[in-house]
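The values are calculated or read from the model by the stated rules, or taken from the named source; none is laboratory data. Values in this document were obtained by computation on a predicted structure and should not be read as measured data. All Cβ positions, glycine included, derive from the backbone under ideal geometry; neighbour counts span all protein chains shown. For accessibility, only protein heavy atoms count, side chains too; no ligands or nucleic acids. Shrake-Rupley method; radii C 1.70, N 1.55, O 1.52, S 1.80 Å.
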Amino acid sequence: MFSVATRALRRPAMARTFLAAGSSASVHTLPDLPYPYNALEPYISEEIMTLHHKKHHQTYVTGLNAAEEAYTKSTSVKEQITLQAALKFNGGGHINHSLFWKNLAPAAQDGGKLDNGPLKSAIERDFGSVEEFKKTFNAKTAAIQGSGWGWVGYNAATKKLEIVTTANQDPLTTHTPIIGVDIWEHYLNAIWNVINFKEAEKRLAEVAK
């Protein structure tokens, strides 16, 4: 239901929220990290990356598969409606984390490096400066109570980058996600050293045509 094909990762969608009863659900799997677990040190530890990927993300994958299977087998509309919460939570967690891993890159591989180009120009246009952008992002996301996500999203209506937040594992559906940060990490300053700005710029280029 919650496809993590390339297009879905560029713009997480809830288009297939309702599965037809009796239809077969695809089996979702935990994606490999594009770098070793210790590659983001000293900014994010190997221990944290291993826990976050192998335990937390795997839990969402397992929960999503179970919820989809239960949904497809159910013939009760009431039960199908009840299952929507599990589908949204686990499906959102799977989508968000699949995007998040690609949002990061080791410092030795240009992580944290924002070169002159369309993304930097858009950030300076919409936030005044790169430093002001980071400051605003950190302030807005730090205000999240409990778990949630901080996003740099592209608003198709205004054609601008905006900073938005979502609670828990809710996916970003009002904007196209350019950068997403799981606030569970609590690395709002250090994480900028390992943000994959090249990946973010690719996402921006795909939607800001």
Of all residues in the range 69-100 being modelled with pLDDT of 95 or more and aromatic (Phe, Trp, Tyr), the one that is most open to solvent (accessible area, probe 1.4 Å): Phe89
Close pairs from the range 50-65: first surrounded by 18 or more Cβ atoms within 10 Å (Cβ to Cβ), partner hydroxyl-bearing (Ser, Thr, Tyr), Cβ under 7 Å, at least 6 apart: Val61/Thr29
Condition broken by Pro12, with the remaining ones in (1) modelled with pLDDT of 50 or more; (2) open to solvent by less than 30 Å² (accessible area, probe 1.4 Å) satisfied: (1)
Selected residue [surrounded by fewer than 18 Cβ atoms within 10 Å (Cβ to Cβ), under 27 Å from Ser45 (Cβ atoms), without any contact (Cβ under 8 Å) to a residue 60 or more places away in the chain and of a type in the set (Ser, Thr, Tyr)] from Ser129, Ser147: Ser147
Asn103, sole failed condition from (1) buried (at least 19 other Cβ atoms within 10 Å of the Cβ); (2) over 20 Å from the mean Cα position of the chain (by Cα): (2)
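Conditions tested, residue by residue: (1) open to solvent by 10 Å² or more (accessible area, probe 1.4 Å); (2) under 23 Å from Leu87 (Cα atoms).
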{"residue": "Ser121", "(1), (2)": "yes, no"}
{"residue": "Arg125", "(1), (2)": "yes, no"}
{"residue": "Phe133", "(1), (2)": "no, no"}
{"residue": "Ala142", "(1), (2)": "yes, no"}
{"residue": "Thr158", "(1), (2)": "yes, no"}
{"residue": "Leu172", "(1), (2)": "no, yes"}
{"residue": "Lys202", "(1), (2)": "yes, no"}
Test: Thr75 is farther than 20 Å from Asn168 by Cα, β-branched (Val, Ile, Thr) and either in contact (Cβ under 8 Å) with a residue 60 or more places away in the chain or outside any helix (DSSP H, G or I) (or both): yes
Residue satisfying all of: in the range 174-200; farther than 25 Å from Asn90 by Cβ and without any contact (Cβ under 8 Å) to a residue 60 or more places away in the chain; least open to solvent (accessible area, probe 1.4 Å) among these: Leu188
